[in-house]
Structures are given as structure tokens and as C-alpha cells.
Amino acid sequence: MNPTKPRCNFNSPSLFRSLTKPKSTQIQNINILFFIFIYLFIELMLSESVFCLLTEDLLIRILDRVNSDRKSLRLVCKEFHRVESTTRKTIRILRIEFLLGLLQKYCNIESLDLSVCPRIDDGAVSVLLSHGSVNWTRRIKRLVLSRATGLGYVGLEMLIRACPLLEAVDVSHCCGYGDREASALSCAVRLRELNMDKCLGVTDIGLAKIAVGCSKLESLSLKWCLEISDLGIDLLSKKCLELKFLDVSYLKVTSESLRSIASLLKLEVFIMVGCYLVDDVGLRFLEKGCPLLKAIDVSRCNCVSPSGLLSVISGHEGLEQMDARYCLSELSAPLINGLKNLNHLNIIRINGVRVSDFILQIIGTNCKSLVELGLSKCIGVTNMGIMQVVSGCGNLKTLDLTCCRSITDVAISTIANSCPNLACLKLESCDMVTEVGLYQLGLSCLMLEELDLTDCSGVNDIALKYISRCSELVRLKLGLCTNISDIGLAHIACNCTKLTELDLYRCVRIGDDGLAALATGCNKLTMLNLSYCNRMTDTGLKCISNLGELSDLELRAIPNITSIGIKAVAINCKRLANLDLKHCEKINDSGFWALAFYAQNLLQINMSYCNVSDHVLCLLMSNLKRLQDAKLVHLTNVTVQGLELALRSCCGRIKKVKLQSSLRFSISSEILETFNARGCKIRWD
Amino acid sequence: MNPTGSLCANNWARSSSLVPPGNGLQTNLSLDPSSFFGVGIETPFKEINQPSPTQCVIPGESKKDVKITDQETSKLQDWDPSAMLNNLSFLEEKIHQLQDVVHMIVNKKFQPFEQPRELVTQEQQLITADLTSIIVQLISTAGTSSGIQPQNNCENKLFDHSIQNDVPNKCEMEQNHNMEEHEHKDEEDMEEGENLPPGSYEILQLEKEEILAPHTHFCTICGKGFKRDANLRMHMRGHGDEYKTPAALAKPHKETGSEPKLIKRYSCPYGGCKRNKDHKKFQPLKTILCVKNHYKRTHCDKSYTCSRCHTKKFSVIADLKTHEKHCGKDKWLCSCGTTFSRKDKLFGHIALFQGHTPAIPLEENKGLAEPPDRCDAKENSTMVGSMNFCFGSNPSSENGIDNMMDVKGNIDDPINYFSSLNFEGCNFGAFNEFSQPPFEDSDSSFSFLMSGSFNYAPKSGGESCSDNL
């Protein structure tokens, strides 16, 4: 959130922009348009704010209707700003400098997100809690502390004790968290939702603390909490009887855990990806237990066989979602028969399984309400099989056919004809797909939002022309499609104006002209990958700098771009957060200097193999206040002293650094210790 | 010669003389034959390896035994005599075959060089194959006609092993027999199962001095005392060659072992104790060692203190040693102050009680700030109040444990101990919710409660507390 000064004068274009957003042009917004008329009228007549006349109640109602872009609405006038401040419920802090002020201003927030805010540590928390004259914590229901690695258990406990209504906490990816932090979390007695993914230090003891302290827990994710064992899960199942969602992925738990979990009467979603110690015995416990189970994920559980999965299925005919990716080699006949009974199945993902036309036919004829089908890397997927499955499942919205290399245009045409609602189609590495199949797709699937054509060598400029008919496309992946050129890209740029993500990785024929077209057509692009597009130059980069929404830009190994292009990007792309410049060897100090001064929102940067000097590196690292992840491998012009100085300057703020492993013993151990103590992770390349 | 049959007979005789009618033997026999095999199948091998010296082999007796078992089984199950006869004749035939085979083996042994060596080995293989097939048939037939002891003179070990399956409860009796000879540490618990009628044993009562004497075996020459007779005998060797003979070194009482002796039981000299013979519900002690341990544990001061925790005290040095083995390993700590040697025990405890959580040991100092709850308490309450609060919130702190241990050491009566704590108003977590003392391993604390309740009984007036048992 950028701090914005409240403007006193009227700013009608801003209001207009906010009210004519595509999403807000719905039936309910008619009365807002009515307001605009009155507003424009009175502005002309009286030059005074009409909103002074409206009660706060009415203003709040207006704001409720326009929830798509409250930010620009706030800029309209004082009243809007005031009402918006009092009614705002969620806030995501990007910079710690403004944290205190923002919390005082938005005193009614219910959700506080500190996941991307650097320098959140115990001291900051104690200042926050002691200074605020307005008690901002009293309404907080949700705390997002994901990757807040600087926060220790003392600060965490203070924060949690200060929020009496707290219901949801996210501490995922705080790798250093252990039992003490879990103990601090257990102070939140009203907690209903907890995400502890990758809290590597949490053991059964910590889990027991939470299980006893937060007995109202409904949703708990323990993914990658590798220290947790059967004992902890057993206690959890005894204490937290309200659990509806449980994720125990990658834990070293055995079938005994499933015996305990089966006693959870309210469990609806159970995810156990990569639990390699769980076998069919465990799944048989689930057959009789968890009466409300709706979704199960046994992906990558190597010891699970079709018969185990069948026992789960036979116990739960209301199953809606089944994930069995990369755990079965093939589906047995009884399991296929069991699938016949699952009439409510919405989502089925069986990536990596050997299938046959017969199996796909069974799925197609029985699972009529299927919305998502994942057949990625399945062996034995043929045109015939695809035709049989899609002819039955007309409601399919997501179809993943990654690496189903034997399917051809016939299958694509059938998909297009059978599934008019298709929103996501993944065809990575389907080499035999050409413009013929994609023609039909462009004709029929007008709802398509995501299309993955990575590594489809059959895709050419004509194919892109056909695809461009899907004007709702949001994400398009064309990586490694070496046959597409600027012409094809221009078709996409002209028609797919809603595109936010575009992957052109190694599309070597793409040049500056295509990028120019892209910059004018797809101005909503937030993610753009141009790595290894070695024909592009600074001209193209200057065009790209016109994409004001751009946040992720990958420019890896483009030999021709220089500091001039980077400077344009740094100045114009204000939202730029992730930048990859690895192996861009022509960019020199002036380019990085521009980044240091203009790209103030930069979160991650990869400048390995770049020609940056000691001085500018230090400047960059100290000046970019949001920077949290830097990859600094093979900086030939940087000395060890320079690197040390740069690290010192960003210490406490940065969360991840990648350094050359040969420097491991040259860098002073004091810096490394400080980094470690501050929760910063150093990876050695 | 059938050693197993005679063994069975021996046991039979002994147990029938010891155990009054109506005891467990008949119930054992009334089991159906299939379960006989299920029960006996694992144990016999063990016994063959350690035959007891009392096994004297009397063929006639073994025959009698067979008759008895036959009668017993015929009473208890549906028995078809003609089928039995068939089986017997089949067995006879098989045994004859077996005899022939063995004869062949014996003959071959005397003329090994007349034939080429390969031929000999080949024949031997054939014979052994024959032998095993016959044995297998024999076993299966024996299985169908249970209760029959096939009479044969085969010296084959394997054969013996298999036949032992037919001896159903012999092993159990053997075990009982061994138990009496054996020294038991937990004899007091074991005794609960023993239901000897009052008149069937001789009661001995040692005096207090005798019990507390450190040594019971004294050298007649130099006067040195020993705890064990075996050690004394080893010592005696030093006094001359006459003590080195096998006869002198052998266990003396074994020579008189064959004659039936009256069972000895012991009484505790402490008046009012349940182990005292004048007590209404007198329960005798089995061995002298039992008496010693019981007397020390129950009626003596606990003079041995653990060198690690300096809190736990014991009157029997073996108990101290057992404790010291585990002391300090109880790293699993509950918020109520109870420690556990094993994580699963702690988790079982937490699952059982509401509001208990595992305590996280304080490894590092909380240098940064005081916990907020403590600050609140100081702000809101007087000094005393905050003290109490801290106690309540940190029951795991060493202070708390020390205090509790002191209380335990001073006050003998467990009931008083509990109530006095509560009276003082120190709120040690959820102390009232459960009856376990919060300073011990759950395993040992359980046994502590059991033994403790009857250990404490006499001091607070045996009659009133005897109900605890």
C-alpha cells in the first residue's frame, strides 16, 4: 500500500475511472452512475462537494458496491477518503515506515498482512503495541505473518495476546519457527484457521500446545513440518474435534496417524501429499471414518495402492475431489468400478498414471459433473480416450494434458466442441497440436482464461491468430515455441487485452516489434518472461517500460539490452517487484544505479553474472527498502569487502541471499551469524 | 525311554500334591485338543535344553500317566474308540516303518567301505527323506488322536520335539515350579494372585534385627558375613582343599529336594501391618528377600537419596539404583509438573486431561523481555498476588518442584499431603483433577501409588487404610 495524500480538490477523472471499471459495470452500479450525473451536475453548478450532503451511511453503501478498486475511489474527495478509511477491513503492509501511521488511520481493520513487510521483528511489534493511542488490535481477526522470519516467539506472543478476536493466523514459510513459536500461537484460543507450512522446527510438543490451546481449530496446515510424528497427529485428532481441513503433506507419519484422523467426524478436506510411510492399511481406516470427507489428496504417497484408494472411495460416495498424482502406476479394475459410484466427483487428478481408453470412458460416462481433470504425464492418453472422456464431461473447466504427447488436433477439436465452458487448458509438450486444432479452440472456447502451449513446436503465427479469438485469456504460456514471431504476438496483443501473464521464454524469433505491439495492446500485463529472447534490444525494453502494471519481469541472458533500457523500466514500471537480470552482461553501473533509485518496490532481484561494481551494489542493497531476496552469484567486479558492505547495509531487512559458495569462508563469520540471527537464509551456489 | 512322558508324570504328581482339587489344572485339560497344540507349540524346545535335575525316569509311571490323561480326555470330549483304534494301528505301522529305516541306517554304519562313497551318501539321503516323511505323518496322526503318547524307543531328537506337543499344560507347571526357586524382586505384587488356604503352609516370622542384618551367611572359620550362600561357598574355598570338592560347592539343599516339603511363608514382624500374621486379612510374604524388602520399604526410614536429583529417597538400595538409572532422563514435562521418561507417555497424559499441555524446557534465557502475562500481573496485583500468579503459570519451574518434593518428604500420610497443599492455596495447575502426584514418571508413580498406599497404611492405623487395597 502506497501512502496517498488525501486530495482536497475534486478529481472527477479518477472517480470516473473507478466507476467504469469493467467489473463494476453491473446492474447494481446503475445507481452509482446516477450519482455521477448528480455529481457532475452539482460540480458544474455549485463547485461544491455533493458528498457533503450525503450521510455516512449512504457513502458506505456506495463504497460497498464498488469493491473492485477502492484505492482510486479514495482519491476522489475527502469524504470518500474518510469513509474508505473507516470501513477498510483488510490491509497489506509493504513498508514498515508507514505501518504505525496506517494502523492508526485504519482503526477498524480485521485482517493485517505483514507477509511482505521487511524488518518486522520483536522490537517493532512491541513498539506497535505500546505506541498506538488507537487500539488497532481489538478487531483483528486475521494475521498473515507468512515469511515474517524476523519475528521471534516473544513478539509473536505479544502480538497474539493483544488481538483478542484473532481467528486466523498464517505463519507459513517461517522456517525457523519451532515449539516456542507454536506455544505463542496457542495463546489464541479463538483460533479457527492456522497455516504452519514449513515451520521446520515445530515438533509434536509444539503441535500439542496448539491442539490443547486452540481447540476450536477448523483448518490446519502442517505441510513440511517435518518433525511432527504420529504422536502429535494422534493428540491433535483427540483435541481438535472441529477440524474440517487438515494438511499433513510430507510429514513422516505412518498409517497410525490415519487411524487417529479417521476419528475426526467433521473433516471435509484431507491432504497427505508425499506421506511415503502411509500405506493401504491407513487408508482403510478412512473408509469407516471421517463421514463428511469431500476431498482427499494422496499424491506422491508411494506406498498407496489402488486397493487402498478404493477403500476410501467405497466409504465415501459423496467424494467431490480426488487427487492421486504420482502415487499409482495404474488404476486397477476394482478401482475403476469404484469410480462409477462417485457421482459427485468434481475434481480428479491422476497425473502420472497409466490409463487406457476404457478408463477414460468410464470416467466420462460416470463422472458427469466433473469440472477438473488432470491427466498430466499420464501414459496411454490417446485421441480416442480424450474424445470419450470429454463427450461425457461437458462441464469441464480445467483440463491438464501436460506431456500427453500422442494427442493430436483431433482431440483438441473434440475438446473445443464438447466443453464450451473450458477455462484452463494445459497442453505443454503436446508436439502434435497445430493450428488446425487451435482453430477450433478459438472458435468454441471463448471462455478460455489460461492456455499453456509451452514447448508445442506445432504452434506458429497462424495458430496464435486463431487463439487470439479467445479474448478472455488471462494467462498464456508460449515458452519454447520457437516458431512464433512478432506477427503472431501482434495478433495476441491486439485481441487479448485482458492478458496479465505472458511467458515467452526462449521464443528466439520475438523481436522489438512484437514487444511494441504487446506494450500497446496488453497493458494489464503483470508478469512477463522474456528470458533468452536474444533478438530484443533496448528499443523493445523501452516499449515494455510502458506496461505500468508490470510486477514480474524476467530478462535472463539477453545480450543486447543495456543500462538505457533498464533505466526506462526502472523509472516507468513503478510496481516492479521481481526482476531477473542474470547474465545480462551489457548492463553496467548506471543501469543498477537507476534501479537503486527508482525501483523502490523491488522485492526480489537476480543480478548474478552482472557487471556491477562495489559501490553501486552497496547503493542498491541499502537503498531498496523493500528488497527481500537477492541473488548475487558471480559478480566479477565485486570484491569480498564490497559484498560484505552491501550485506551489512541490508541486514535485518533482507530474508534470502544467494551467494557463491567459494566465498563461504572469505565472508566474515560475524555477518553470517548476524544474518542467521535475523532470520535471513543464505544459500550457497 | 520317554523323558517327556516321565517329566509330565512328575509334574502331574507334584502339582496334584500341592494344589488342592478344583484348581486350575482341570480347566487347562478341558481345553479342546486344537488349542493344546496352539499352546504347546512354541515352548517345548526350551525345556529340552534345560532339563531339571529332578527328572527321574520311571517307565512304569509314565504308562500310568498316559492312562490318566486318556481317561481325562475321554471324559471331557467326544471320543470315538474305533477311530482311536484305527489311528493307533496306523501309528504302529508307521513306527515299524521307522524302525526299519533306522535299522537300515545302523546297518549302513557298519559297512561303509563296501560301497562306493557316492552311493552311500545317496542312500543316506533317501533314508533321511523317508524318515522325515514318516515323522510328518506321525505328527499329523498324533494330532488327530490327541491324548495319546506314542510308545516308541526312537532316539531321534526331532521326534521328541514334535511329540511334546501332546503334553498340554506341562510347560505351565514347569514354569510354576521354576518360579518358586527363583528370586523375585516384585514378589509382593506377584503374591496377589496366590490363593493358598490358611492351613496349607508354615508361617515363619523373622525378627527385626534379623531382617535388617546386612549379611545372613557367616563363615564358620573367619566370621566374615555374606549376603549370598553361593558367595560364602566360594569364600570357603580359600580356607582349605576340603571345601573345594564338588560336594562342598554344590547347593546343599538340593539333596533333600525329592521329598515333599511344606510350603514356607513369611510374616512381617511389624504389628498392624497387613503382612503381619495377626492381621485380619493377612497376606503372607513369599521369601525372605520379600520380607526384607517389604520391611525396609514400609517400616524403615528412606536413607538413600538420589545423587542426581537429591530429592527422591529410598530405603532399598536396589530401588535407588533403578531410579538413578532413569533420573534426569525424564525430559518430557507436562505443564502440571509431571515428568515422563517417554514422549508417548506424556502425550497419553495430555490426551487424558483437559488443559494440560507439554512444557517447553527453558534452554536459553529470555533476555529480551518478560512475558506479557507477568507484566500484567505485576501491574494489577500486589506482590503476593503476583507471586502466586507466577507459580500458577510456571509450575514447571524448578522452585515449584523442589517445594513439592519437600512437602512429600516431610509428610508421611498421602492424604494429609494432598490436603495440606490445597489448604496452603498454592495452585499447582490442575492438581485436584487427578490423583497422581505430579513429580514422577507415570509408570513408576503408578506403582508408587499402589505400593505406597499400603506402605503408608500401618502408620496411619492399618485398619482404616486397608480398604485402599
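The values are calculated or read from the model by the stated rules, or taken from the named source; none is laboratory data. Predicted model only: the values in this text are computed from it and were never measured. Every residue, glycine among them, receives a Cβ derived from its backbone with ideal geometry; neighbour counts consider all protein chains shown. Just so you know, the surface numbers come from the protein's heavy atoms only, side chains and all, with ligands and any DNA or RNA stripped out. Shrake-Rupley method; radii C 1.70, N 1.55, O 1.52, S 1.80 Å.
Quick look at the numbers
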{"item": "Trypsin sites (Lys or Arg not before Pro) within the range A:76-154, DSSP loop, no more than 13 other Cβ atoms inside 10 Å", "result": "A:LYS89"}
{"item": "Cα Rg, Dmax, the range A:420-579, angstrom units", "result": "14.7, 47"}
{"item": "Low-density loop positions, GluC sites (Glu not before Pro), the range A:391-474 - DSSP coil, at most 15 other Cβ in 10 Å", "result": "A:GLU472"}
{"item": "Full-stretch length increase - B:ASP344, B:SER200 - with 0.36 nm per residue and alpha-carbon distance subtracted", "result": "47.3 nm"}
{"item": "Long pairs among A:LYS498/A:LYS658; A:LYS198/A:LYS288; B:LYS321/B:LYS343; A:LYS209/A:LYS681; A:LYS574/A:LYS655, criterion Cα-Cα beyond 25 Å", "result": "A:LYS498/A:LYS658; A:LYS198/A:LYS288; A:LYS209/A:LYS681"}
{"item": "Placed amide H near A:THR203: partners under 5 Å, 5+ positions off or other chain", "result": "A:ASP179"}
{"item": "Length-normalised contact order for the range A:626-685 - Cα pairs under 8 Å, 6+ apart - percent", "result": "42 percent"}
{"item": "Debye-sum result for the range A:185-257 in log10 I(q)/I(0), which assumes one identical scatterer on each alpha carbon, at q = 0.15, 0.20, 0.23, 0.24 Å⁻¹", "result": "-0.39, -0.73, -0.99, -1.09"}
{"item": "Three-way shape label, the range A:205-341, alpha-carbon gyration tensor, a/c 1.5", "result": "prolate"}
{"item": "The range B:287-342 versus the range A:574-629: alpha-carbon centroid distance in Å", "result": "67 Å"}
{"item": "Per residue Cα convex hull volume in Å³ - calculated over the range A:458-535", "result": "65 Å³"}
{"item": "Whole-Hz ³J(HN,Hα) from phi, Karplus 6.51 cos²θ - 1.76 cosθ + 1.60, for the range A:141-158, glycine and proline x", "result": "10, 10, 10, 10, 10, 4, 6, 7, 6, x, 7, x, 6, 5, x, 4, 5, 4"}
{"item": "Built amide H within the under 5 Å cut-off of A:ARG556, gap 5+", "result": "A:LEU530, A:SER531, A:TYR532"}
{"item": "Where Rh is the Kirkwood radius over Cα pairs, Rg/Rh for the range A:344-432", "result": "0.91"}
{"item": "Per-residue HN-Hα couplings for the range A:557-570 [Karplus 6.51, -1.76, 1.60; θ = phi - 60°; Hz; x = Gly/Pro]", "result": "6, 9, x, 8, 7, 10, 4, 5, x, 5, 4, 4, 4, 4"}
{"item": "Relative contact order of chain A, pairs being alpha-carbon contacts under 8 Å that are 6 or more residues apart, as %", "result": "5 percent"}
{"item": "Qualifying trypsin sites (Lys or Arg not before Pro) in the range A:309-384, DSSP loop, other Cβ atoms within 10 Å at most 15", "result": "A:LYS340, A:LYS368"}
{"item": "Rg/Rh for chain A, where both radii come from Cα atoms and Rh is the Kirkwood radius", "result": "0.98"}
{"item": "Share of carbon and sulfur in the accessible heavy-atom surface of chain A [1.4 Å probe, %]", "result": "53 percent"}
{"item": "Alpha-carbon centroid distance for the pair the range A:458-486 / the range B:218-252, whole angstrom", "result": "102 Å"}
{"item": "Using θ = phi - 60° and Karplus 6.51 cos²θ - 1.76 cosθ + 1.60, couplings along the range A:258-268 (whole Hz; Gly, Pro as x)", "result": "5, 4, 5, 5, 4, 7, 7, 6, 9, 5, 10"}
